[in-house]
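**Q** Pasting a structure here, questions to come.
We did not get these values from a lab; they are worked out from the coordinates using the rules stated. From a predicted model like this one, the values you see are computed outputs, not experimental measurements. Every residue, glycine as well, gets a Cβ built from its backbone with ideal geometry; the counts of neighbours run over all protein chains shown.
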Amino acid sequence: MSVLQGLTSQEAMALEDKYGAHNYHPLPVVLTRGEGVYVWDVEGKKYYDFLSAYSAVNQGHCHPKIVGALKSQADTLTLTSRAFYNDLLGRYEKYATELFGFDKLLPMNTGAEAVETAVKICRKWAYEKKGIAENEAQIVVCENNFHGRTTTIISFSNDPVARKNFGPYTQGFIKIPYDDIDALEAVLKDNDKIAGFLVEPIQGEAGVYVPAADYLKKAKALCEANNVLFIADEVQTGIARTGRLLATCGNCSCSDKNCSGTPEVKPDMLILGKALSGGVYPVSAVLANDDIMDVIRPGNHGSTFGGNPIAAAVAMAALEVIQDEELAENAFQLGELFRSEMNKYIANSKIVKLVRGKGLLNAIVIDDHEEGDTAWNICLALRDNGLLAKPTHGNIIRFAPPLVMNKEQLLDCVSIITSTLKTFE
């Protein structure tokens, strides 16, 4: 059989099951094409994508400007490693640092790599700038976090599936409850070995858990008062997903005429990934100002592919699409509409307890007292009705469509979701 020969869905899934490691449990649908807010399976059925590759495809599937940048650069120069300069990286670094308001950018490939990079920078800053004794720095993290699945990151996860039988674990992390400013204040008090506080502005994998409106602002103030770096993991929440360019921008929308353009909470380090490339290529980054980033010197950190010409070209195009098409404003408006429409349904629902989120990062919580497979079965029914979503944490269904979605499409999706839910009431 030719490797390019067409496959049925069952054949494709059987191949993965036989030859691939079983490290995922995908919804049983085999996709072959995507455009904008839609994807098609190998049999030709069309679906709304309501996951966006975990918010990597904010700009829509196969956006022509982003794909064009990739194709053009691939014909010219793909990779040099960082042993030499290339003519795209500096331009990308200038564009991104000016857009997000930082002095420096360190380019990587995946979100987990970027988190690891931020941890390394934070520790080195602690020893060289804050004066913590070497190997004694601690970083505060939140319970139910999701920052990736590398050995270091799972060391401060409390997800038993990600952790069990992968020890010994990396030391140097203190876990506190999320959205608990008193807990953060208590752990920072009289502990001069704490170097940083790593936090998701919204806990996506935990079920789109949105903290109190003043949580991030108060947390940043505590970090400043204690000379602790505030590190924002915006791999999933960044790049317009929550209705502003960054989730740390506050509660205004990018269309708010009263917005000063200054983030309400300015992280000391900002971690980006996923939609930084529009889902076209693995691109991630850590941004910080000179007083933090200058602890990194040649040989301290690197990546063969990090900062390659294709990544630079793709990331610039992806960020330009966000700006040019006003996708943050669109996400803000459609998110308000989505939650409003879902709350109308929830008011008379026995199976859906609540909807929560910001912008177009939302979730519904299913009332599954037996902690069974209701959410999974709902997602299977949604698939049958032309919409793709995936459960998280058992009874929560995350909804995150591409930000290029329009009002008519969103209302069509709400209709699919509510009519599907009715069959489970």
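**Q** Residues with amide H under 5 Å of Phe399's amide H, sequence separation 5 or more or different chain, H placed in the peptide plane at 1.01 Å from N; which?
**A** Under 5 Å from the amide H of Phe399: Asn362, Ala363, Ile364.
**Q** Let me ask you something else. For the stretch 273-402, count all C-alpha to C-alpha pairs, find those more than 19 Å apart, and express that count as a whole percent of the total. Show your work: numbers first, answer last.
**A** Values: 5451 of 8385 pairs.
In whole percent, the long-distance tail amounts to 65.
**Q** If you wrap the stretch 1-147's Cα atoms in a convex hull and average its projection over all directions, what's the area in nm²?
**A** Details: hull surface 56.8 nm².
With the hull built on Cα positions only, its mean projection is 14.2 nm².
**Q** Can you list the DSSP H helices in the chain whose Cα atoms extend at least 24 Å along the helix axis and whose mean Kyte-Doolittle hydropathy is -0.5 or higher?
**A** Values: long enough: 327-346 (27 Å, -0.25).
Span-like helices in the chain: 327-346.
**Q** Of the options Gln236, Pro282, Val37, report the single residue whose Cα projects farthest towards the positive end of the charge dipole of the chain (beta-carbon charges: Lys, Arg +1; Asp, Glu -1).
**A** Going by the Cα projections, it comes out as Pro282.
**Q** Return an integer: the convex hull volume of the alpha-carbon atoms of the stretch 64-324, in Å³ per residue.
**A** Values: hull volume 34.7 nm³, N = 261.
Normalising the Cα hull of the stretch 64-324 by residue number yields 133 Å³.
**Q** Related question: Figure the gain on full extension for Leu27 and Asp190 (residue separation times 0.36 nm, minus the Cα-Cα span) and round it to one decimal in nm.
**A** Details: separation 163, 0.36 × 163 = 58.68 nm, distance 4.80 nm.
Full extension from Leu27 to Asp190 adds 53.9 nm.
**Q** Here's something else I'd like to know. Could you rank the peptides 145-156, 287-298 by their average count of other C-beta atoms within 10 Å per residue, with the highest value first? List each step's numbers first, then the result.
**A** Details: 145-156: 19.4, 287-298: 16.4.
Ranking the peptides 145-156, 287-298 by packing returns 145-156, 287-298.
**Q** Would you report the distance distribution of C-alpha pairs in the stretch 111-251 as whole percents per 10 angstrom bin, up to the bin with the largest distance?
**A** 12, 43, 37, 8, 0
**Q** Given the Cα-Cα distance of Lys422 and Asp159 and 0.36 nm per residue of separation, how much length would full extension add, in nm? List each step's numbers first, then the result.
**A** On the way: separation 263, 0.36 × 263 = 94.68 nm, distance 3.19 nm.
Length difference between fully extended and current span is 91.5 nm.
**Q** Additional query: Order these peptides, 197-204, 90-97, by their mean beta-carbon neighbour count within 10 angstrom, highest first.
**A** Details: 197-204: 24.8, 90-97: 16.8.
Ranking, from highest mean packing down: 197-204, 90-97.
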